[in-house]
1. Scan region 80-96 for residues that are surrounded by fewer than 22 Cβ atoms within 10 Å (Cβ to Cβ) and either among the small types (Gly, Ala, Ser) or closer than 17 Å to Lys19 by Cβ (or both) and jot them down.
2. Only one of Glu102, Glu110, Glu161, Glu127 is modelled with pLDDT of 95 or more, within 16 Å of ligand 2 (Cβ to nearest atom) and more than 15 Å from the chain's Cα centre (by Cα). Can you tell me which?
3. Which condition number in (1) over 12 Å from the mean Cα position of the chain (by Cα); (2) within 15 Å of ligand 2 (Cβ to nearest atom) is the one that Ile11 fails?
4. Whether any residue in region 26-33 is in contact with a Phe, Trp or Tyr (Cβ under 6 Å, 6 or more places away or on another chain) and touching a residue at least 40 places away in the same chain (Cβ under 8 Å) is what I want to check.
5. I want to confirm something. Restricting to region 14-43 and keeping residues that are among the β-branched types (Val, Ile, Thr) and within 16 Å of ligand 2 (Cβ to nearest atom), which single residue is farthest from Asp53 (Cα to Cα)?
6. When residues of region 136-158 are filtered for being among the acidic types (Asp, Glu) and within 15 Å of ligand 2 (Cβ to nearest atom), how many remain?
7. For the list (1) under 18 Å from Asp92 (Cα atoms); (2) in a loop (DSSP other than H, G, I, E, B); (3) under 17 Å from the mean Cα position of the chain (by Cα), I need the number of the one condition that Pro133 fails.
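The values are calculated or read from the model by the stated rules, or taken from the named source; none is laboratory data. Just so we're clear, the structure is a prediction, and the values are computed from it rather than from any experiment. Reconstructed Cβ throughout: ideal geometry from the backbone, glycine too, with neighbour counts over all protein chains shown.
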Amino acid sequence: MAESRQGLILINTGPGKGKTTAAMGTALRAVGNGLRVLMLQFLKGSWHYGELDAVTAFDGNFVMKQMGRGFVKVGGAETDPEDVKMVEAAWDEAREAILSGEWDMVVLDEINYAISYGMLDPAKVVETLKARPPMVHVILTGRNAHPSLVEIADTVTEMREVKHAYQKGILAQRGIEY
Ligand code: ATP
Ligand code: MG
């Protein structure tokens, strides 16, 4: 039987650890199959993650970009217009990448936070996902995935926190958190 390939929408959400790293694991699997992967990280920017260096080994077949500056203040008047601008720029690039067909998989890391903080209209994301070329896979990560995105997604996984080292006062560890 011929392989039937189609683009899927995946969401990794919930309070437990593993949303971004599971997306990177899927991306690694895709790259190994010859797919081209772009990962755009909303809001992130102040930390240097090991994966940013690791993906340079893939020669443009796995590209990762930080599109924010970290430490976002949110909620009404607290929201810095500069952060909103960065989310808008990230979304413009994401939209173009998804619709271009240049990438087989586009990972929108932490986009669920940008939406739940009111910095990005989920209707725009739904519209773009529906209009994408049929073979393109898209993965969205972050807590509090918007119901309208959950509705159109094919595979949705909610990470449940059983325990986290942070609760014992253990700070972020190199190779585990960054
Ligand atoms: P990871 O990048 O490790 O896969 P994540 O994408 O599921 O984590 P985020 O919500 O993006 O989690 O938060 C990123 C950071 O917060 C990571 O350093 C992660 O270890 C930490 N973190 C995630 N879940 C928890 C938790 N339940 N308690 C404390 N810290 C957490
Ligand atoms: Mg994450």
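1. Residue satisfying the conditions is Ala89 alone.
2. The conditions single out Glu161.
3. Against the list (1) over 12 Å from the mean Cα position of the chain (by Cα); (2) within 15 Å of ligand 2 (Cβ to nearest atom), Ile11 comes up short only on (1).
4. The answer is no; no qualifying residue exists.
5. Thr26
6. Total satisfying the criteria: 1.
7. It fails just one condition, (3).
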